[in-house]
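First up is the structure itself, then whatever we jot down about it.
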Amino acid sequence: MRYSDLIFKVSEVLGVSKSQGRRVVDTVFTEITKGLIEDGEVSISGIGHFKVKKVKEREYRNPATGGKVTVPEHNVVKFRASKKLKDYVNKSQE
């Protein structure tokens, strides 16, 4: 599913225009982003848990040149799906 598909589905379910559906979807993603910035984690019951994790500085080898590249310390977002979501996805494949 793409962003535009999600907007269409939200608009259809709520019975609103696509522009209003886009505002709903954008608001949800904006609030998740704000939660990650402010608290470092966001938990959505039945869906999963987003968490900001710090990755230490590391050296990698550039496969094209063989030279070493230092990647500085940075943050990444990790997602852990809830058991409910995992079970639902696994049942839909049976």
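Please treat every number below as a calculation from the coordinates, not as lab data. Note that the structure is predicted; figures quoted are calculated from it, not measured. Cβ atoms come from the backbone with ideal geometry, glycine included; neighbour counts cover every protein chain shown.
Assorted remarks:
- Proximal charge balance of residue 78 [Cβ under 10 Å; K/R count +1, D/E count -1]: +2
- Take each peptide in 52-60, 13-21, count the other Cβ atoms within 10 Å of every residue, and average; sorted highest first, the result is 13-21, 52-60.
- For the range 42-94: lysine pairs under 21 Å (alpha-carbon distance), excluding those fewer than 8 apart on one chain: 10
- (i) 55; (ii) 44; (iii) 69, with the label sought being that of the calculated percent of Cα pairs over 17 Å apart: (iii)
- Using C-alpha pairs below 8 Å separated by at least 6 residues, the relative contact order for the range 42-94 is 40 percent.
- Taking label points 7 Å from Cα along the Cα-to-Cβ direction, residue 75 and residue 24 give a separation of 2.9 nm.
- MRE, 222 nm, helices only [DSSP H, n ≥ 4, -39500 (n - 2.57), over the chain, to nearest 500]: -15000 deg cm²/dmol
- Length-normalised contact order of the range 1-93 in % [C-alpha pairs under 8 Å, at least 6 apart]: 20
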